[in-house]
Amino acid sequence: MLHGIKVLSFTHYLQGPSCVQILADLGADVVKIEPHKGAFERGWSGCDAYKNGVSVFFMLGNRNQRSFTVDLKSSEGKRVIYDLVKEYDVVVENYRAGVMGKLGFSYERLRQINPGLVYCSCSGYGDSGPYFKKPGQDLLAQSLSGLAALNGPGGSPPVPLGSTVVDQHGAVLAALGIITALFDRERTGKGHKVDACLLNAALDLQTEPLGYYLNGGRLTPRTDSGLATRFHESPYGIYSTKDTYITLSLNSQEKLEKVFEPGALSRFSKRDQSSGRLEFDRVVAEQMRKRTTEEWIELFEANDIWYAPVHEYEDVLKDPQVQHNQVFLKMQHPVAGEVTVLNHPNRYDGKAPELRRLPPDLGSGTQEVLREIGYRQEEIDRLLREKVITDGGKE
């Protein structure tokens, strides 16, 4: 769907690569600009997860792209980038604040070369302000935004979310901004600068609780009864059963009275689910410990209770809806072997976007990309000899 859109990706870590992978999955021609030693994610992986020496972290965020290695600090390397910018539609970067400007690749500089350029900066805190030069990272954004303070049992430290949700949400917002800017350019011919930062992404994830707080709503303290938020009516959270755990969400007192012991909720009114949520929830938690998870599931199914079992990843893989949605993508990598990653999340006319390219070997697309913009082979060979560019990671 984005066939014909050409993207230069100056990205590493997760937010930036996830953003451009969305564009690549949708058909854009994404060229990953890398230093001769390769992007950070080639040499690091969470869980120390490598397959035959290949970083899983790299493989989960760089498919459907080509790798272009160049010395960005050299005058010849800068000239190569300027030549590419003339022919490309989008630049995406998530370097530390100010780095692109020092290299000579700021939006102001590049739009002089290509006035229709869409330039997206993925940063920690935005393109200006008191935190401009502070390191931006998912966990830090969770803490600064108040997101971490929403989670965890009462009497214990706040608990950050156990996945990089801010990075991923920031990546989606950046991709949305880029596609919107491209759409506007089709109508006006005008390029745009898109700023997508982790702090704003973390705040955007809190649209509901922040909306309440900003308008007089009172967030109750964190509790150890099972409540997952500081604002939903009880029950809303993960509760211990006789043997494991189960999640309850947005069930009326009337429904709950059908499955709990007679009279367990008789002293409460429907309004107490919200205004007296902490005490109401303590009773819910007491009741939930009286049966096993399987016993509750049987009761809940018969009484239209909103619930879900609490799955570990081994359970997720066996879940029938997960399997039906075909959310996992298997890739046959020449070095790593079979690699399984999450596929593009949307379906278009019932189908996921196809896998066109494996995560690229370092520098493997360098010569091809230069030939496409008119470089002759003798010029490419000279740049290789002078180590301005590398081909396939070989200097």
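The values are calculated or read from the model by the stated rules, or taken from the named source; none is laboratory data. For clarity, every value in this text was computed on a predicted model and none was experimentally measured. As a convention, Cβ positions derive from the backbone with ideal geometry for all residues, glycine included, and neighbour counts pool all protein chains shown. Surface areas here come from the heavy atoms of the whole protein model, side chains and all, with no ligands, DNA or RNA. Shrake-Rupley method; radii C 1.70, N 1.55, O 1.52, S 1.80 Å.
Cα extents of the chain along the three principal axes, largest first, in whole Å?
86, 46, 40 Å, listed from the longest principal axis down.
Read phi for every residue in the range 46-55 and hand back ³J(HN,Hα) as whole Hz from Karplus 6.51 cos²θ - 1.76 cosθ + 1.60, θ = phi - 60°, with x for Gly and Pro.
For the range 46-55, the Karplus curve yields x, 6, 6, 8, 10, 10, 6, x, 9, 5 Hz.
Taking the full set of protein chains and a 1.4 angstrom probe, give the accessible area of LYS190 in square angstrom, rounded to the nearest 10.
120
What is the sum of charges, Lys and Arg at +1 and Asp and Glu at -1, for the other residues whose Cβ falls under 10 Å from the Cβ of LYS242?
In short, 0.
If you take the square roots of the eigenvalues of the alpha-carbon gyration tensor of the range 287-366 and sort them as a ≥ b ≥ c, do you get rounded (a/c under 1.5), prolate (a/b over b/c) or oblate?
prolate
Can you spot the aspartates and glutamates whose alpha carbon is less than 16 Å from LYS270's alpha carbon? Ignore those fewer than 8 places along the same chain.
GLU233, GLU254, GLU257, GLU279, ASP281
With a/c under 1.5 counting as rounded, go ahead and sort the range 222-269 into rounded, prolate or oblate using the C-alpha gyration tensor (a ≥ b ≥ c being the square roots of the eigenvalues; past the cut-off, prolate if a/b is larger than b/c, else oblate).
Here the range 222-269 falls in the oblate category.
Just the number, please: carbon plus sulfur as a percent of the accessible area of the range 181-220, 1.4 Å probe, no ligands or DNA/RNA counted.
54
According to the square roots a ≥ b ≥ c of the eigenvalues of the Cα gyration tensor, what is the shape class of the range 113-199, taking rounded for a/c under 1.5, prolate for a/b larger than b/c otherwise, and oblate for the remainder?
Since a/c reaches 1.5 and a/b is larger than b/c, the shape of the range 113-199 is classed as prolate.
Carbon and sulfur: what percent of the range 27-85's accessible surface (1.4 Å probe)?
Roughly 58 percent of what the probe reaches on the range 27-85 is carbon or sulfur.
Among GLU295, GLU93, GLU34, whose mean-square fluctuation peaks in a Gaussian network model of the chain (Cα, cutoff 10 Å)?
The residue with the greatest mean-square fluctuation here is GLU295.
Using only the heavy atoms of the protein chains and a 1.4 Å probe, how would PHE183, PHE105 rank by accessible area, largest first?
PHE183, PHE105
On C-alpha positions alone, give me the angle between the axis of helix 75-87 and the longest principal axis of the chain, in degrees, nearest 10.
For helix 75-87, the angle is close to 70 degrees.
Non-local amide H neighbours of VAL194 (under 5 Å, H modeled in plane, Pro and chain starts lacking H): which ones?
Amide H neighbours of VAL194, under 5 Å, 5+ apart: TYR119, CYS120, SER121.
Kindly write out, for the range 375-386 in residue order, the coupling ³J(HN,Hα) from the Karplus curve 6.51 cos²θ - 1.76 cosθ + 1.60 (θ = phi - 60°), rounded to whole Hz, with x marking Gly and Pro.
Values per residue, Gly and Pro as x: 5, 7, 4, 5, 5, 4, 4, 5, 5, 5, 4, 7 Hz.
On the protein heavy atoms, probe 1.4 angstrom, tell me the percent of accessible surface of the range 133-180 carried by carbon and sulfur.
The computed percentage sits at 69.
Viscosity 0.692 mPa s, temperature 37 °C: Stokes-Einstein D of the range 25-175 from its Kirkwood Cα radius, in µm² per second?
Here the translational diffusion coefficient equals 184 µm²/s.
To the nearest 10 Å², what's ARG357's accessible area with a 1.4 Å probe?
Solvent-accessible area, nearest 10 Å²: 90 Å².
Any idea how far the Cα center of the range 208-236 sits from the one of the range 136-175, in Å?
If we compute the Cα centre of each part, the gap is 16 Å.
Tally Lys/Arg at +1 and Asp/Glu at -1 over every other residue whose Cβ is under 11 Å from the Cβ of LYS290; what's the total?
Combined, the nearby Lys, Arg, Asp and Glu give 0.
List, in the order given, every pair from LYS37/LYS86; LYS37/LYS351; LYS134/LYS387; LYS134/LYS318; LYS51/LYS73 whose Cα-Cα distance in the structure shown is over 30 Å.
LYS37/LYS351; LYS134/LYS387; LYS134/LYS318; LYS51/LYS73
Report Rg (one decimal) and Dmax (nearest whole number) for the range 126-267, counting Cα atoms only, units Å.
Answer for the range 126-267, Rg first and Dmax second: 20.3, 68 Å.
Can you give me the accessible area per residue for the range 279-379, using a 1.4 Å probe, in Å²?
Per residue, the range 279-379 has an accessible area of 65 Å².
If you look at just the Cα atoms of the range 200-336, how large are its Rg and its Dmax in Å?
Rg, Dmax (Cα atoms, Å): 18.4, 66.
Over the Cα atoms of the range 68-121, each weighted equally, I'd like the Debye log10 I(q)/I(0) at q = 0.20, 0.21 Å⁻¹, rounded to two decimals.
Computed log10 I(q)/I(0) values: -0.68, -0.76.
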